[in-house]
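Asker: Before we start, here is the structure in question, set down as structure tokens.
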Amino acid sequence: MAANRPIKFRILELCNKNGGAWNYEVVRQIQKEYNLKGDYQRDSINFDLIELASCSLLKDVEVRVDEEGMYKKGFLLHKYVITDFGKARAANACLMYV
Amino acid sequence: MDLQSLKKQEHQRRIKKGFMWAFFCAILWGLWYIPGTVVWVLNPFDAMYGEIAATNGDAVSLIVTAVLITAFNALTVILALMVWNGALGKFGEMKRTLKEFHPCSKWFFMASIFGGPIAILGSFIAMGFVGGAFAAVAALAYPVVGSILASKWYGEKISKRAFIGIAFIILGGITIFGGGLLTELGTGNVAWIGYIGGLMAAVGWGIEGAIAGKGLDIAEPDVGLTLRFLGENIIWWIIAVPLLAIFGFPMFKYALLAFEPLTILVLVFAGITFGFCYVTWYKSFPLIGVGRGQGIGNLYGLFAVIFIALFFGDIPSWTILVGGALCLIGSSVMFSEDTGQMESLRGE
């Protein structure tokens, strides 16, 4: 399944679990699976998360300040979960087995 | 800083970025009118227009020449986009997205039909049968179509304030082109074809935006846009140009003559400005919504007149001051909207 479908599909899958997923976890996972290295790719994946949330496919359920530098020190960390709209939109794209 | 204000700050940054993209779109779109105007008087397009006009009349000649110019425009746009995606390292994502025809690339190919042969050709038809000012004014209506569709189709929230902003910008555009519009409406013998062209432009670009918004839900804007232009190149180069050649128009003869240094330079400039105006347009949609992105993008009317005045010395009439002021009011109304409203762009 990994790394052969568009990144946003995979992000939706990763956020489709109880309690959601933290942005730094998703970003790391995607970087590993798609072999995307470097800070530019990291920020680009995080921006995909921001776009998905902006379009209401994801919503943040928890926010905290990145004290330890998990993603970027001093910035916010978001825990995202897929919304009902996101599930419906993903149903005919990447979450067919759900 | 506490969590709430950090969150608010992060959110405002997102909205600002979206508006910035849309604003750049308007500037680049306006800039595109320079090569977009110049290319018509360059050979081979000038000679092509003359040859076809001699046998088929001015209006037909204008549309057939427009097809070839638009085809070259689409070609240089995709070249610019390939460089752009290469620099961003997005070829891998492009391949992955292209393969997902049903959920992803289908939308971008549909967007290319509405944005390409319907909107651009419609715009040229409006220009040919009624006039340039009418074509510009007709196209200004597209954010209305786009935002209504995006709201009805997938529930994009469009605030009253954003709609007021769009209305001001459209009024501003109408005022800018107003004088020319009145003269044009009185002339022309087969004007109704031109009106249909104008309608095609407004509806085409509006639908394109709404469809693109749908595809961009689950795709990257840079990649999605490149697929949209891949579609447009197929439409022009594999369908329209050969079809017109079969009907006896000298398409290939003039296409081969286009490889002159100055013509290529102007076409490349057109490709870069048009390509990046589209990049910024598509990038703004997921951040501020189709309605706002298109509304701010509509400022292209003002920029086009300004750039044309700067580069060609066509002094615009005084109405540009009134129109420009209306555009400014409209944009301020949108820029200053409370961003809290835009936390999520769609109602759940």
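Each value in this text was obtained by applying a stated rule to the coordinates, not by laboratory testing. Just so it is clear, the model here is predicted, and its values are computed rather than measured. When we count neighbours, we look across all protein chains shown, and the Cβ atoms used for this are built from the backbone with ideal geometry, even at glycine.
Asker: Under the rule of -39500 (n - 2.57) per DSSP H run of 4 or more residues, summed and divided by the residues of chain B, what mean residue ellipticity at 222 nm is obtained, to the nearest 500 deg cm²/dmol? Intermediate values should be presented prior to the final figure.
Answerer: Working: 17 runs with 271 residues, N = 348.
Only helices count here, giving -26000 deg cm²/dmol.
Asker: Separation of region B:67-116 and region B:209-239 by C-alpha centroid, Å?
Answerer: Using only Cα atoms, the two centres lie 5 Å from each other.
Asker: Helix B:300-312 sits at what angle to the longest principal axis of chain B, using alpha carbons and giving 0 to 90 degrees rounded to 10?
Answerer: Helix B:300-312 sits at roughly 50 degrees to that axis.
Asker: Right, here's the next one. Can you work out the Karplus-derived ³J(HN,Hα) for every residue in region B:79-87? Use 6.51 cos²θ - 1.76 cosθ + 1.60 with θ = phi - 60°, whole Hz, and x for glycine or proline.
Answerer: Coupling constants for region B:79-87: 5, 4, 5, 5, 4, 4, 5, x, 5 Hz.
Asker: Can you run phi through the Karplus equation (6.51, -1.76, 1.60; θ = phi - 60°) for region B:230-241 and list ³J(HN,Hα) in whole Hz, with x for Gly and Pro?
Answerer: Karplus-based 3J(HN,Hα) across region B:230-241 equals 4, x, 5, 5, 4, 4, 6, 7, 9, 10, 5, 4 Hz.
Asker: Looking at region A:14-98, which GluC sites (Glu not before Pro) are DSSP coil and have at most 12 other C-beta atoms within 10 Å of their C-beta?
Answerer: On the way: sites: A:E25, A:E33, A:E51, A:E62, A:E67, A:E68; in loops: A:E67, A:E68.
Loop-located and lightly packed - A:E67, A:E68.
Asker: For each pair in B:K17/B:K157; A:K79/B:K7; A:K59/B:K7; A:K59/B:K99, compute the distance between the two Cα atoms and list the pairs where it is over 21 Å.
Answerer: Details: B:K17/B:K157 19 Å; A:K79/B:K7 13 Å; A:K59/B:K7 13 Å; A:K59/B:K99 28 Å.
Violating the 21 Å limit, Cα to Cα: A:K59/B:K99.
Asker: Right, next: Run the reach check for B:K152 against aspartates and glutamates, Cα to Cα strictly under 17 Å, same-chain hits fewer than 8 apart removed. What comes back?
Answerer: Answer for B:K152, where 17 Å is the Cα cut-off: B:E208, B:D217, B:E348, listed by chain and number.
Asker: Let me ask something additional. Return the single residue from B:Y278, B:Y300, B:Y154 with maximal mean-square fluctuation; model: Gaussian network over chain B, springs between Cα atoms under 10 Å.
Answerer: B:Y154
Asker: Separation between the B:I193 and B:F247 pseudo-spin-labels, each 7 Å from Cα along Cα→Cβ, expressed in nm?
Answerer: With each label point 7 Å from Cα toward Cβ, the separation is 1.0 nm.
Asker: Choose one answer from A:A21, A:A53, A:A88: the residue with the largest mean-square fluctuation in a GNM of chain A with alpha-carbon springs under 10 Å.
Answerer: A:A88
Asker: Taking the Cα-to-Cβ direction at A:A91 and at A:D39 and moving 7 Å from each Cα, how far apart do the two end points lie in nm?
Answerer: Reported label-point gap for A:A91 and A:D39 is 4.3 nm.
Asker: Apply the Karplus curve 6.51 cos²θ - 1.76 cosθ + 1.60, θ = phi - 60°, to the phi angles in region B:24-29 and return the couplings in whole Hz, x for Gly and Pro.
Answerer: 4, 4, 4, 5, 5, 4
Asker: Label the protein assembly as shown by shape, choosing from rounded, prolate and oblate, from the square roots a ≥ b ≥ c of the eigenvalues of the Cα gyration tensor; if a/c is under 1.5 it is rounded, and otherwise prolate applies when a/b is larger than b/c, oblate when it is not.
Answerer: On the way: a/c = 2.20, a/b = 1.60, b/c = 1.38.
Prolate, because a/c is 1.5 or more and a/b exceeds b/c.
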